[in-house]
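The structure appears right after this line, and notes come after that.
The values are calculated or read from the model by the stated rules, or taken from the named source; none is laboratory data. From a predicted model like this one, the values you see are computed outputs, not experimental measurements. Here the Cβ positions follow ideal geometry from the backbone for every residue, glycine too, while neighbour counts run over all protein chains shown.
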Amino acid sequence: MNGNLRFENKIVAITGASSGIGRASALAFAREGATTVLASRSEEKLERVADEIRSFNPRVLVIPTDVSVREQVQHLIDRMVREFGRIDILFNNAGNAYVGRIDEGLFADDLNKMLEVSFYGALYGTQAVLPIMKRQGAGHIVNMSSLVGRKAFPYFGRLLDHHARDQRLLRRPAARAVWHRDLCNHGVSGLDSDRDAR
Ligand SMILES: NC(=O)c1ccc[n+]([C@@H]2O[C@H](COP(=O)([O-])OP(=O)(O)OC[C@H]3O[C@@H](n4cnc5c(N)ncnc54)[C@H](OP(=O)(O)O)[C@@H]3O)[C@@H](O)[C@H]2O)c1
């Protein structure tokens, strides 16, 4: 690794790293020199991503985690601290998507499954990592969300509702300000995504 990499010496956890955006993000962080920690439920898929990363960066660790289970998220964070002594970035990316009509029988069940993963999963991750980042006086928490939290699309009701909740908690000015101020008061820096996206 040369010294010009943007994430050299950074310890980065990515949930939902076994496929899609999480896998791509893990590869991108690793290419920029980060030590990546890959978390999702499938150990087999995570190991495949880890093998890709190892071909150019040996610093990668797989920790199978179901983010909807608070104890497993706590274990992820505890293990990272034991292994590396710090956590610089937590990317709460894991999510699942169900589309369909509101009058279908499974609508409410599917909505709950989505909330358990992307809403509570992100909350558990944030709660577990905050004490570490406060102690460090630095750190970043990145929460995945979606355009469907703001804009309605046919048959995307479940996604709309759960991403709207994410955004109510994370992005509405008052809630965001509290969340952001709380992090900053403890020396944790973050990107105010709504403001910076404008
Ligand atoms: N793709 C899009 O167009 C789009 C648009 C807006 C927002 N998003 C959001 O972006 C994120 C990633 O989307 P994607 O398209 O990359 O999806 P994807 O390819 O289906 O990946 C989802 C990831 O989440 C993991 N996951 C699912 N349930 C989990 C659980 N209970 N615990 C831990 N990990 C879990 C999956 O791994 P395992 O099966 O191994 O657990 C997988 O790695 C999601 O939050 C999604 O809502 C996507």
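Okay, here's what the table says:
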quantity: Test result for Glu44, acidic (Asp, Glu), in contact with a helix residue (DSSP H, G or I) (Cβ under 7 Å, 6 or more places away or on another chain) and more than 17 Å from Gly139 (Cα to Cα); calculated: no
quantity: Criterion violated by Gln127 - all others in (1) at pLDDT 85 or above; (2) in contact with an Asp or Glu (Cβ under 8 Å, 6 or more places away or on another chain) satisfied; calculated: (2)
quantity: Any chance Ala94 is touching a residue at least 60 places away in the same chain (Cβ under 8 Å) and closer than 19 Å to Gly121 by Cα; calculated: yes
quantity: Residue match in the stretch 108-123 (condition: more than 18 Å from Lys10 (Cβ to Cβ), touching a Pro at 6+ places or on another chain (Cβ under 7 Å), assigned to a helix (DSSP H, G or I) and within 16 Å of the ligand (Cβ to nearest atom)); calculated: no
quantity: Residues satisfying the stated conditions in the stretch 121-144, i.e. touching a residue at least 12 places away in the same chain (Cβ under 8 Å), surrounded by fewer than 20 Cβ atoms within 10 Å (Cβ to Cβ) and either charged (D, E, K, R) or in contact with a Ser or Thr (Cβ under 6 Å, 6 or more places away or on another chain) (or both); calculated: Lys134
quantity: Filtered residues of the stretch 1-43 (kept if of a type in the set (Val, Ile, Thr) and in contact with a strand residue (DSSP E or B) (Cβ under 6 Å, 6 or more places away or on another chain)); calculated: Ile11, Val12, Ile14, Thr15, Thr35, Thr36, Val37
